[in-house]
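> I have a structure I would like to understand better, so I am pasting it below and will then ask my questions one at a time.
The values are calculated or read from the model by the stated rules, or taken from the named source; none is laboratory data. In this text, all values refer to a predicted model and were calculated from it rather than measured experimentally. Don't worry about glycine lacking a Cβ; one is built from the backbone with ideal geometry, like all the others, and counts go over all protein chains shown. Heavy atoms of the whole protein, side chains included, go into the accessibility calculation; ligands, DNA and RNA do not. Shrake-Rupley method; radii C 1.70, N 1.55, O 1.52, S 1.80 Å.
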Amino acid sequence: MTTLLTVLSTLLWWVLYSSIFALFFSLIAWPLLRWNERTSVVFNRVYLACLLWTMAGMAMVGAVAAHEGHVRPPYGALLASNALRGVLVVDMLVGVALLWRLIPRVDARRIRPTSACLAVAAVMAIAFGIATSLA
């Protein structure tokens, strides 16, 4: 029973933290996409894409942290590992694919892949800057 409650609690916290980070990331990506596409994009879809991206990214980074044994601070050794760097590259590719496939403009066309790349790069640069300043 304790194991079931632990897994349930972990899943709830994973969804909660993912949604908080996804809101932060979508507030960065949405104005950037509006500016780069020169037309409005649907915020709900930006949030959905960022939520799926964040959930996948947290799962991948958590798996690498658990595999390398760096689940408690300080995270300097985790940030310097090659496995985390590889996972971050895969995470960025997943983010580009999700943003490109899920976000429509108001004229019902998809955003350009270059716009998705720019949004992912901006979000990752800000997030990584904050993460390294806290580590």
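> Yes or no: the range 26-49 includes at least one residue that is open to solvent by 30 Å² or more (accessible area, probe 1.4 Å) and within 20 Å of residue 134 (Cβ to Cβ).
yes
> Tally time: how many residues in the range 113-135 are open to solvent by 70 Å² or more (accessible area, probe 1.4 Å) and under 21 Å from residue 67 (Cβ atoms)?
Selection size over the range 113-135: 1.
> Closer than 20 Å to residue 113 by Cβ and touching a helix residue (DSSP H, G or I) at 6+ places or on another chain (Cβ under 8 Å), is that true of residue 84?
It is false that residue 84 is closer than 20 Å to residue 113 by Cβ and touching a helix residue (DSSP H, G or I) at 6+ places or on another chain (Cβ under 8 Å).
> Would you pick out the residues in the range 54-78 that are in contact (Cβ under 8 Å) with a residue 60 or more places away in the chain and either of a type in the set (S, T, N, Q) or surrounded by 14 or more Cβ atoms within 10 Å (Cβ to Cβ) (or both)?
75
> Among the residues in the range 81-99, are any out of contact with any Pro (no Cβ under 8 Å at 6 or more places or on another chain), exposed (fewer than 13 other Cβ atoms within 10 Å of the Cβ) and among the polar types (S, T, N, Q)?
Scanning the range 81-99, I find at least one residue that is out of contact with any Pro (no Cβ under 8 Å at 6 or more places or on another chain), exposed (fewer than 13 other Cβ atoms within 10 Å of the Cβ) and among the polar types (S, T, N, Q), so the answer is yes.
> Across the range 100-112, which residue is nearest to residue 35 (Cα to Cα) among those that are under 17 Å from the mean Cα position of the chain (by Cα) and open to solvent by 70 Å² or more (accessible area, probe 1.4 Å)?
100
> Is the range 2-23 home to any residue that is within 23 Å of residue 90 (Cβ to Cβ), in contact with a strand residue (DSSP E or B) (Cβ under 8 Å, 6 or more places away or on another chain) and buried (at least 18 other Cβ atoms within 10 Å of the Cβ)?
No: the range 2-23 contains no residue that is within 23 Å of residue 90 (Cβ to Cβ), in contact with a strand residue (DSSP E or B) (Cβ under 8 Å, 6 or more places away or on another chain) and buried (at least 18 other Cβ atoms within 10 Å of the Cβ).
> Somewhere in the range 60-78, is a residue within 16 Å of residue 102 (Cβ to Cβ) and among the hydroxyl-bearing types (Ser, Thr, Tyr)?
The answer is no, given that none of the residues of the range 60-78 is within 16 Å of residue 102 (Cβ to Cβ) and among the hydroxyl-bearing types (Ser, Thr, Tyr).
> Additional query: When you go through 85, 112 one by one, which is the residue that is out of contact with any His (no Cβ under 6 Å at 6 or more places or on another chain), over 22 Å from residue 129 (Cα atoms) and either basic (Lys, Arg) or at pLDDT 95 or above (or both)?
112
> Output yes when any residue across the range 67-74 is modelled with pLDDT of 95 or more and within 19 Å of residue 89 (Cα to Cα), and no when none is.
No, because not a single residue in the range 67-74 is modelled with pLDDT of 95 or more and within 19 Å of residue 89 (Cα to Cα).
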